[in-house]
Amino acid sequence: NKIAKVLSLSTAVLFSAGLTVMAEAKTFKVAVGDAGGSPQHELGKKFAEAFKEKTGGKHKAKLFLNGQLGSEQDTVNDAAIGSLDFSILAINNITPFSPTVGVFTLPYVIQSLDEAVELTQGEVGQELVENTVRDAGVRIIGWTYSGFRVLSNSKKPIKSVEDLQGVVVRVPKNEIMIDTYKSWGVNPTPMAWSETFTALQQRVVDAQDNPYMTIHSMKFYEVQDYITNLRYIFSIEPLIVSEAVFQDQKPAIQKAILEAGKEATQHSAQFLRDSEAAIKKDLAAKGMQIHDPVNGEKEFIDRATQAVWPKFYDSIGGKDKLNRVLRLLGRSEV
Ligand code: MLT
C-alpha cells in the first residue's frame, strides 16, 4: 500500500513536471507585412533562427508572411492587447500610435543606410523604443533596413513635381507622408498596405512608394512600369514584441528575445548592402524604367522640408528633437 502510494505520487510528480515542460515550450507568432524575400522576411528568418538557438531549441518564432495576420497597423493594436506576439512592419505604420517615431519618417532627414543605422542603434533609437512602449504598448527589439522609398507608377516617367500632377498615389495612413505629397501638389490616397497590390492592379491608384527590395518581393513590376528615385524616406521596419507578452516571459527568455533582435538587426543592414544593387538591376531587366528626379531632387526637397517639418515639430517631441538628430548627422540645424 505504501509502495503504491509512493508510486502514484512519483507518477503525479513526473506527470506534472512533464506538463510544465510542455506548457513552457512555446511557438510565438510573428506577423510580417511583406512577402518572402523581402528585408522584413530576411530579418524575421534571422530572428527566428537566433531565438531558437538561444533557447536551446525549446522556443520558436513562426513567421506569417504577406499580412496574413492583418494589416500592418492592425498588428500594432493586436500586439498592444497581447493577442499577437511579434510583428515586423514599416515604421510609418507605427507613427500613428507613437507620434515621436515620426522623426524617422520626416522627409529627407535620413539620407543613407549608415545614417539609419547610427540613429536607430544610438540614443535616439533607444528613446524611441521607450516612447513606443509607453504610447503603443509594443517594444521595438530589432530594426530592418529596407532602403529609400522610391516612387513606382503605371502611367509615365516622372522626373519632376510637375510630372507628378494628376497621378493618383497610394500612401500609408500616415499624416507626415500625406502632407509630403500635398506639398508636392498631390492629394494622395491613404490605404492599408495589405490592399495596395490589388488597388494598383485594378488601377484604383496609379502609384505608390516603397523600397526597391519591397517592390521586387511584392512583384509590383507586374503592375507598375516606371520608378522615380526619390529619397524622401529611408525605410526602417521595426520588429516589435507585445509589451504584455514580453513582460510575461522569464528573464532568460526576455534576454534571448533582445539578443536575437540585435543579431537580426546586424544581419539586416548587411543584407541590404549585399542585395539592393542586384535587385534594382533585376527590376530594370523585368522592364521597369528607372529615372532620377531632375535637379538633384531640389524641388521635391525644398517643398517637403519647408512645408512638412514645421508642421510636425510638436508631434515628434519638439523642434529641438529634430535639431538633435540633424546635429548627430552632422547637418545644419533648423
Ligand atoms: C507601407 O507602405 O505601408 C509599408 O511601407 C509597406 C511595407 O511594410 O513594406
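The values are calculated or read from the model by the stated rules, or taken from the named source; none is laboratory data. Owing to the predicted nature of the structure, the values given are computational and were not obtained by experimental measurement. Note that each Cβ is placed from the backbone with ideal geometry, even for glycine, and that neighbours are counted across all protein chains shown.
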Among the residues of the range 65-99 satisfying the criterion of being within 11 Å of the ligand (Cβ to nearest atom), of a type outside the set (S, T, N, Q) and part of a loop (DSSP other than H, G, I, E, B), which is farthest from the chain's Cα centre (by Cα)? Gly67
Are there any pairs, at least 6 apart or on different chains, whose C-beta atoms fall under 6 Å, with the first in the range 279-307 and among the basic types (Lys, Arg) and the second part of a helix (DSSP H, G or I) and at pLDDT 95 or above, and if so, which? Lys280/Tyr212; Lys286/Tyr221; Arg303/Ser183
Selected residue (criterion: surrounded by the fewest Cβ atoms within 10 Å (Cβ to Cβ)) from residues of the range 27-41 that are under 15 Å from His267 (Cβ atoms) and near the ligand (Cβ under 8 Å from one of its atoms): Ser38
Confirm whether Val171 is away from the ligand (no atom under 12 Å from the Cβ) and within 19 Å of Ile227 (Cα to Cα). no
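Residues of the range 47-59 being part of a helix (DSSP H, G or I) and surrounded by fewer than 23 Cβ atoms within 10 Å (Cβ to Cβ), which ones?
Those that are part of a helix (DSSP H, G or I) and surrounded by fewer than 23 Cβ atoms within 10 Å (Cβ to Cβ): Ala48, Glu49, Ala50, Lys52, Glu53, Lys54.
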Based on what the data block shows, is Trp184 surrounded by 18 or more Cβ atoms within 10 Å (Cβ to Cβ) and within 16 Å of the ligand (Cβ to nearest atom)? no
Name, by its number, the condition in (1) surrounded by fewer than 17 Cβ atoms within 10 Å (Cβ to Cβ); (2) assigned to a helix (DSSP H, G or I); (3) out of contact with any Asp or Glu (no Cβ under 9 Å at 6 or more places or on another chain) that does not hold for Lys62. (2)
Taking the stated definitions as given, is Arg139 away from the ligand (no atom under 12 Å from the Cβ), basic (Lys, Arg), crowded, with 19+ Cβ neighbours inside 10 Å and in a strand (DSSP E or B)? yes
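Give the range 29-46 a look and list any residue that's part of a helix (DSSP H, G or I) and acidic (Asp, Glu), or say none.
First pass over the range 29-46, keeping only residues part of a helix (DSSP H, G or I): 39-46.
Of everything in the range 29-46, just one residue is part of a helix (DSSP H, G or I) and acidic (Asp, Glu), namely Glu42.
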Quick check on the range 202-209. Is at least one of its residues surrounded by 22 or more Cβ atoms within 10 Å (Cβ to Cβ), at pLDDT 95 or above, within 24 Å of Tyr108 (Cβ to Cβ) and among the charged types (D, E, K, R)? yes
Residues of the range 90-129 being touching a strand residue (DSSP E or B) at 6+ places or on another chain (Cβ under 6 Å) and either among the small types (Gly, Ala, Ser) or touching a residue at least 24 places away in the same chain (Cβ under 8 Å) (or both), in sequence order, are Ala90, Ile91, Phe104, Ile110, Leu113, Ala116, Thr120
Residue within the range 94-105 that is among the aromatic types (Phe, Trp, Tyr) and over 18 Å from Ile178 (Cβ atoms) present: no
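Given Leu258, Leu272, which one is out of contact with any Asp or Glu (no Cβ under 8 Å at 6 or more places or on another chain) and within 16 Å of the ligand (Cβ to nearest atom)?
Details: Leu258 fails: within 16 Å of the ligand (Cβ to nearest atom).
None of the other options fit; the residue is Leu272.
Which one of these is within 12 Å of the ligand (Cβ to nearest atom), aliphatic (A, V, I, L, M) and over 30 Å from Lys262 (Cα atoms): Met177, Met191? It would help to see each step written out before you state the result.
Values: Met177 fails: over 30 Å from Lys262 (Cα atoms).
Just a single option satisfies the conditions, and that option is Met191.
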Within the set of pairs 6+ apart or on separate chains, which have a first residue in the range 215-226 that is more than 13 Å from Ala199 (Cα to Cα), a second that is polar (S, T, N, Q) and part of a loop (DSSP other than H, G, I, E, B), and C-beta atoms under 7 Å apart? Ser217/Ser38; Asp225/Ser154
